[in-house]
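What follows is a set of notes on a single structure, which appears directly below.
The values are calculated or read from the model by the stated rules, or taken from the named source; none is laboratory data. Model, not experiment: these values are computed from the prediction. Note that each Cβ is placed from the backbone with ideal geometry, even for glycine, and that neighbours are counted across all protein chains shown.
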Amino acid sequence: MFFKIAVRNIFAYGKRSIITVVLLACTTALLVFATAYMDGSHARLIQSSVEIYPGYLQITQRDFRDNPSLENLIFEAGQVSASLRDFPGIAVFAARFESYVLFSSADKAVGGMLTAIEPEKEMGISRLAASLKQGSYLTSADDARVYLGSELARRLKVGVGDQLAFVGTGADYSFAADNLTVKGIFQTGLFDFDSRASFVAKPYFDRVMAAQNYATHFIVQPVRPEEAETLAAAIGARLGPDYEAAAWQQTMAGLVQAMRVDSIFGYITLAIIFIVIFFVVMIYTLLVIYARVREIGILRAVGTTPGQVLAMLLLESVLLGLVSVLLGGVIGGSLAYYFHIHPIVFSGFEEQFKQYGLALTAMPTDFAPLVIMRDMAIMFVLSVSATLYPICKVNNFRPIEAIHHV
Amino acid sequence: MFRTSCRIAWASLARRASRSVLVVVMISMSLWGLLFMEGIYDGMTEQMIGNAIRSDSGQLSLFAAGFREDPGLHRLISRDGDITELLANDPRVKSHVSRLRQEGLAATAHYSRNVMIYGIDLAAEKSHGRLDGYLIEGEYGFGAKNKGVLVGARLAEKLKVKIGRKLIVSAQNSAHEVAAVALTISGIVRTNNMALDESAVFIAMDKARELFATPEGVSQISVIVQAEKDIPAVQQSLRQHFGTLQILRWDELYPALMQGRVMMKGFNLIMSVLIFGVAGLGIFGVMLVSVLERLREFGIMLAIGTSFAQVRGIIFTESFILGFTGFVAGSLSGGATLLYFYQQGLDLTIFSHGLEEFGMDVITHAVIRAQYFITAFIAVMLATFVSVLFPLHLLKKANPVEAINRV
Amino acid sequence: MNLTTQSKRARAASFFMMTRAFFLCCLCLLPTSLPAADDAREIIKKVEERLNGKTAVLKISMIITTSRATRTMKMDSYSVGNEKSFIKITYPGKDYGITFLKIDDAMWQYVPRIEKIIKIPASMMLQSWMGTDFTNDDLVRESSISRDYEARITTENVDSYEIELLPRPEAAVVWGRLVMEVAQKELLPKSVRYFDEEGLLVRTLQYTEVKQLGDRLYPSRWVMIPHDPEKAGNRTIIEITEAAFDVPIAEEYFSKRALQRFSD
């Protein structure tokens, strides 16, 4: 009965209904999309900085993160490997050995990182292979062949196929030195990384650096990167107190917080828009309800109770709210989905991203149905509460007063 | 006649008081929000840019040819005397400082770290970039014998040093020998220019000349001009005189910051359009209803000989009163809020790690610009004007006699 | 990236600990001094003279103990004062023939495996020494006790003096205070304790096993013990197995060509 009347009223006051629905739907779409964009871009920023090299989950010897010395290596890489094998939730894992060396080409000597990787596994973890610029990526069988950062190559004045030597310290503190051939040159876009990093296959490194069965850390690619923290805890429990398993949230805490700050400001911005929308909806409701004061007065005069009137008016705004929110949710959701598939490209802002250690320009939105529902619920509550004041106000009229209301 | 219009407009607004109040509140709230946002966001951007300019680049920086690619004591500006004379005589230039810098090592009994050693003139840096304002501990000075050193905040943390502690600073000098000097930490600075906070040690220019064995020449001359618009012209004239040097604007040295500013401008514009668009819709609704309600009233007025222009005047006045009141209320509240955050600053200490990641200050001071209020005024006026066009159109189409006969 | 930057320094440190540790014996502690004015200075001066010759040819074993392992290295060293030194590694076999040359502040290294002479950049010579038993102050800079410190005898025991050394205000040394124990009879150091500015003991260097080496009585075993809690258990022991002081050394050792020539 109320439902019927409410629906009839919505159609009777078509213009108000349309404007309200359009407004609310647009706002809902905006909220849904803005959230999807914020979450998506943050996830992308984090993903890109995590995936270029650091990885979602690092396993180190307990003291290594505080004091990264040769005393605090993982000395039982085989054992760690065995523990990680078949561990649920791990997509792929690989050992690395980071070492600082002095590179020397013709007559240039430059300090840099020489890191041992497991090339094939690394492809499933970091973007090193994908960052190839010239030559080719490494394989496990590569002996004395190096995969060099573009800036480092430029500083050493070497190209693919050229020779360079390195001098460093082996894992047993012995002198390590060898001649390397440049197999490939990579460019991640991060200046600092490209001007310092170089990679060799781990079997070769282990031999020249006396690092058999050693690693500075393991990198784990979780099946579900968003659950890296849980996985880290589980791995930590399995490996025991001699090791530390840290998810990216821990290893890159600053970045995580930076994203949070950005979100907060994003929501403040949205909140300001919502305040305005809230008032507009309230104004429109007020306008329409005042136009109906006489009608309501008559209803009351013929015996409808204030409660029934209230219920009827509320039902109207609930219905309108529902329709708008659904419409907006669908629009915003489809936009979020579209830009999830076809990321937004920011050309010309590479520098800014790079400064934050991010080499990317394309930002996909995040398509998360649960978040969309949450946003829709927020908008629904907002839209209904905006109508409360006008509804209560009109319901306070006495019937006779209402009938005579101009 | 105008006064009559005003009185009629006022009377009709007063008759629907709650509605009018709501519209005014809505306009002022949107304005408040917009002003707050613009002021804070611009404050953040400008603060980051300001930090880079004050602590390092100035608005223009001069380096010897090839210095940025391959910095060192072998690439110094040798004609610094001529340059500073030219700068001192240029009325567009507000201030300039010379710095000498070299990579080196800072050591205590427990730790040592690679650092960038800056030879600076404290008094000049103070009037140039208010370097003293970045001091978070200790005092802004090098002591009587120039034996003091100012250390970047993060560097101090990593070396675990306190004020008054000894710091041994060593560097390779111009004769390729390693020279060292014992200094006492007189102050700790936090510029939020990450490179400086992490690795800078500031020592007296004379001390640096002694340590580096460079009796003359400087690494960098940083220039701040009177007005931002003069930057390209000053850069141009410097380039004419000293063509061999690298003469770069701050945005060439910190391109990311310029992009940040452009992004923020674009963002603010979008937000303004969005907010005033929605607010305009609110005004539109109210004006539409108020015209439609009074079709009969206006019909009578037109019938008794009031001109349409006068009726239009009444409607415009009504709309203007709403918009203007909203503007005044919003400007006052928004302005007051900004003033508060301009003076007190917005304290985001709890997010200090994240802010540092962006190179931002923990406390953001809002910016207040006349332009915010001017833009907002124009936007409000535009919204009030546009929102009555359609109601007026309806009124014009409606036949007055018909209108009178309507219930 | 955090991991990368952190470990960078550690790696750098360990690498340069190796290179610089070789110079330790030649230029570490007590080079020639100014004439002493009082007793303490006189003693220090004599100690310096005894410990350093004008030139020195040494055979050295270095035993480095960390919480993980102990390793030994052997080398031949030729030095003229502080200015020039040439070092060749003789043990372990893997590293045999690696040579170093230091002339004033320039340093070169030759590695037979890559047949290459590498000039070690100054920025690297200044690299930190995190996690090792020596600081750069020992090696890169030519710290001299009689030049940099004011000496004062604090205690005179039956057979030794205890001398407190306070850095002169202008001396570029990191220490707050040194305490040196000197044997009265031989006028040789027994130990040096290094304190920071707050009076905390940072490390101790012990000179033991005095015996006849070349023309003089000489402490043949030096032990460096760091006291930082993170370095608990670490030791660096230097044993001088053969020595000749104040003998002429052929100038050809101190040229870049020598690096390769004397490598075999």
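Miscellaneous remarks
- Residue selection: A:Lys121 fails the criterion of being assigned to a strand (DSSP E or B) and either basic (Lys, Arg) or without any contact (Cβ under 8 Å) to a residue 24 or more places away in the chain (or both).
- Tallying residues that are surrounded by 23 or more Cβ atoms within 10 Å (Cβ to Cβ) and either among the aromatic types (Phe, Trp, Tyr) or within 22 Å of A:Asp162 (Cβ to Cβ) (or both) within segment A:116-133 yields 4.
- Restricting B:Gly133, B:Gly143 to those that are over 27 Å from B:Ser57 (Cβ atoms) and either among the small types (Gly, Ala, Ser) or more than 10 Å from chain C (Cβ to nearest Cβ) (or both) reduces the list to B:Gly143.
- Flag for B:Glu125 being more than 9 Å from every other protein chain (Cβ to nearest Cβ) and not in a loop (DSSP other than H, G, I, E, B): yes
- Residue check for B:Gly81: closer than 23 Å to B:Ala200 by Cβ and out of contact with any helix residue (DSSP H, G or I) (no Cβ under 7 Å at 6 or more places or on another chain): no
- Test for C:Arg20: is it over 28 Å from C:Phe262 (Cα atoms), modelled with pLDDT under 85 and under 16 Å from the mean Cα position of the chain (by Cα): no
- Flag if B:Glu137 is part of a strand (DSSP E or B) and either in contact with a Lys or Arg (Cβ under 6 Å, 6 or more places away or on another chain) or without any contact (Cβ under 8 Å) to a residue 60 or more places away in the chain (or both): yes
- Test: B:Arg75 is part of a loop (DSSP other than H, G, I, E, B) and not aromatic (Phe, Trp, Tyr): yes
- Answer from B:Ala179, B:Ala171, B:Ala175, B:Ala156 - the residue that is among the small types (Gly, Ala, Ser), in a loop (DSSP other than H, G, I, E, B) and either out of contact with any Lys or Arg (no Cβ under 6 Å at 6 or more places or on another chain) or in contact (Cβ under 8 Å) with a residue 60 or more places away in the chain (or both): B:Ala175
- Of B:Arg190, B:Arg165, all but one fail to be within 10 Å of chain C (Cβ to nearest Cβ), under 16 Å from B:Glu139 (Cβ atoms), surrounded by fewer than 22 Cβ atoms within 10 Å (Cβ to Cβ) and in contact with a strand residue (DSSP E or B) (Cβ under 6 Å, 6 or more places away or on another chain); the exception is B:Arg165.
- The lone exception for A:Arg96 - which of (1) crowded, with 20+ Cβ neighbours inside 10 Å; (2) basic (Lys, Arg); (3) within 8 Å of chain C (Cβ to nearest Cβ) it fails: (3)
- Scanning segment A:85-114 for residues that are over 30 Å from the mean Cα position of the chain (by Cα) and not in a strand (DSSP E or B) yields A:Ala106, A:Asp107.
- Qualifying residue in segment A:371-392 (condition: surrounded by fewer than 17 Cβ atoms within 10 Å (Cβ to Cβ), within 30 Å of A:Pro54 (Cβ to Cβ) and modelled with pLDDT of 85 or more): yes
- Here B:Phe341 meets each of (1) surrounded by 13 or more Cβ atoms within 10 Å (Cβ to Cβ); (2) away from chain A (no Cβ under 12 Å); (3) without any contact (Cβ under 8 Å) to a residue 60 or more places away in the chain; (4) not basic (Lys, Arg) with one exception, condition (3).
- Residues of segment B:1-59 satisfying the condition of being farther than 30 Å from B:Glu125 by Cα and not in a helix (DSSP H, G or I): B:Met1, B:Arg16
- Flag: B:Phe320 matches the condition of being in a helix (DSSP H, G or I) and touching a Phe, Trp or Tyr at 6+ places or on another chain (Cβ under 9 Å).
Conditions (1) surrounded by fewer than 16 Cβ atoms within 10 Å (Cβ to Cβ); (2) closer than 30 Å to A:Leu156 by Cα; (3) within 14 Å of chain A (Cβ to nearest Cβ), marked per residue:
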| site | (1), (2), (3) |
| --- | --- |
| B:Gly39 | no, no, yes |
| B:Gly58 | no, no, no |
| B:Asp70 | yes, yes, yes |
| B:Leu73 | no, yes, no |
| B:Arg92 | yes, no, no |
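- A:Ser49 closer than 20 Å to A:Glu227 by Cβ and in contact with a Gly (Cβ under 7 Å, 6 or more places away or on another chain): yes
- Scanning segment B:301-338 for residues that are without any contact (Cβ under 8 Å) to a residue 24 or more places away in the chain and under 30 Å from B:Arg190 (Cα atoms) gives a single hit, B:Ala336.
- Test: residue in segment A:258-266 that is more than 10 Å from chain B (Cβ to nearest Cβ), part of a helix (DSSP H, G or I), in contact (Cβ under 8 Å) with a residue 40 or more places away in the chain and more than 30 Å from B:Leu31 (Cα to Cα): no
- A Cβ distance below 8 Å, combined with a sequence gap of six or more or placement on separate chains, defines the contacts here; from segment B:246-262, residues that are facing chain A (nearest Cβ under 8 Å) and over 22 Å from B:His96 (Cα atoms) reach residues that are crowded, with 20+ Cβ neighbours inside 10 Å and of a type in the set (A, V, I, L, M, F, W, C) in the pairs B:Gly260/B:Met48.
- Some residue of segment B:138-146 being touching a helix residue (DSSP H, G or I) at 6+ places or on another chain (Cβ under 7 Å) and within 26 Å of B:Leu253 (Cα to Cα): no
- Count of residues meeting criterion [under 21 Å from B:Ala398 (Cα atoms), of a type outside the set (D, E, K, R) and part of a helix (DSSP H, G or I)] in segment B:270-316: 24
- Within segment A:337-353, restricting attention to residues that are part of a helix (DSSP H, G or I) and modelled with pLDDT under 90, the residue that is surrounded by the fewest Cβ atoms within 10 Å (Cβ to Cβ) is A:Ile341.
- If you go through segment A:153-183 and pick out every residue that is modelled with pLDDT under 90 and within 13 Å of chain C (Cβ to nearest Cβ), you end up with 13.
- Hey, A:Arg300 crowded, with 19+ Cβ neighbours inside 10 Å, out of contact with any strand residue (DSSP E or B) (no Cβ under 9 Å at 6 or more places or on another chain) and more than 14 Å from chain B (Cβ to nearest Cβ) or not: yes
- Restricting attention to segment A:51-69 and to residues that are more than 10 Å from every other protein chain (Cβ to nearest Cβ) and not acidic (Asp, Glu), the residue that is farthest from A:Leu132 (Cα to Cα) turns out to be A:Arg62.
- Here B:Gly305, B:Gly260 are screened, and the one residue that is farther than 30 Å from B:Val24 by Cβ, of a type in the set (Gly, Ala, Ser) and touching a Ser or Thr at 6+ places or on another chain (Cβ under 8 Å) is B:Gly260.
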